[in-house]
Each structure stands twice: as structure tokens, then as C-alpha cells.
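Enquirer: Mind having a look at this structure? Questions to follow.
The values are calculated or read from the model by the stated rules, or taken from the named source; none is laboratory data. It should be emphasised that the depicted structure is a prediction, and the values quoted were computed from it without experimental measurement. Because the Cβ atoms are built from the backbone with ideal geometry, glycine has one as well, and the counts that use them run over all protein chains shown. Just the protein is used for accessible areas: all its heavy atoms, side chains included, with ligands, DNA and RNA removed. Shrake-Rupley method; radii C 1.70, N 1.55, O 1.52, S 1.80 Å.
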Amino acid sequence: TVQEVIGRSLPMIGTYGDLDNKQQVVALIDEDMCINCGKCYMTCNDSGYQAISFDKRTHLPHVGDDCTGCTLCVSVCPILDCITMVPRKIPYEPKRGIPYVTGEPTPAQPASCGPCACP
């Protein structure tokens, strides 16, 4: 009955601090189940990390090393269990911007300015 279902998910609700950020997963596409619709490719390229390439000859998607495990591809795939998330073999290290080197000027601090007390 409906009464039996109400509230069953409440024990699953938690805070961000309850999450295990050490777990890293990547998408794995089952080529035998894939219907070559390209939805995973389009979603990853438009809203994700451009980690899925699409073979022009076979029309099969391929997940590259840039996959962050965001699961966007899983959410748009029309075939249940065609895309699964599996543990990442090599830890993912985000590549965000240009690495900062101590002592070098930043965009907010031009080389000609240096450390000063500008008003």
C-alpha cells in the first residue's frame, strides 16, 4: 500500500559530509546493449566533460580518460543498464585552470605592480 512506502527513503537522506569523496567511478558502456543513439555522447559533450567520443564508422561511443563519473550519460541512456559506473583504476586529478607557481604574478597582480599597498 501507499502507507507502507511513505517515509522509507528518509534513512537514506544525509548531509554532504556523509558522502565518501574517495570513491571514484567512470562510465562503462556495454557495446552489445548499445543502440547507437548517441545521447550519451551529446550529453557529455554539451553538459559534461567531453569524455565520450563517437566512432564515425561503428557509431559506438567510447569513454575516455577524462570521465569524472558525473553519471550524465547514465541518466540519458534509453537502455537500462547499458551504461554502468565502475571503479576508476587510476585516480582522477582535476585539471582546473593554470597551476599557480609561488612567486609568479597572478592575473589580479600584474608583473609591474608586485606586492604593494595600492589604495
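Enquirer: By a straight-distance test (C-alpha under 23 Å), which lysines pair with K56 as possible cross-link partners, with residues fewer than eight away in the same chain excluded?
Expert: Here the lysines satisfying the reach criterion relative to K56 are K39.
Enquirer: Counting heavy atoms of the protein chains only and a 1.4 Å probe, report the per residue accessible area for segment 1-94 as a whole number of Å².
Expert: The answer is 78 Å² per residue.
Enquirer: If you don't mind, another one. Please enumerate, by chain and number, the lysines with C-alpha under 20 Å from the C-alpha of K89, excluding those fewer than 8 residues away in the same chain.
Expert: K22
Enquirer: Something else now. Just need the relative contact order of segment 9-78 here, percent rounded to a whole number, with Cα pairs under 8 Å and 6+ apart. Working shown, then result.
Expert: Details: 77 pairs, mean separation 23.4, N = 70.
Relative contact order, segment 9-78: 33 percent.
Enquirer: Of the peptides 9-18, 45-54, how do they stack up when ordered by the mean number of other Cβ atoms within 10 Å, highest first?
Expert: 45-54, 9-18
Enquirer: Here's something else I'd like to know. Given the convex hull of the Cα atoms of segment 40-85, what is a quarter of its surface area in nm²?
Expert: 3.1
Enquirer: Just flag the trypsin sites (Lys or Arg not before Pro) in segment 1-42 sitting in loop per DSSP whose Cβ has no more than 10 other Cβ atoms within 10 Å.
Expert: Here the trypsin sites (Lys or Arg not before Pro) that fit, given the DSSP loop and packing criteria, are R8, K22.
Enquirer: Any chance you could run the full-extension gain for S9 through T71? It's 0.36 nm times the residue separation minus the Cα-Cα distance, nm to one decimal.
Expert: 20.2 nm
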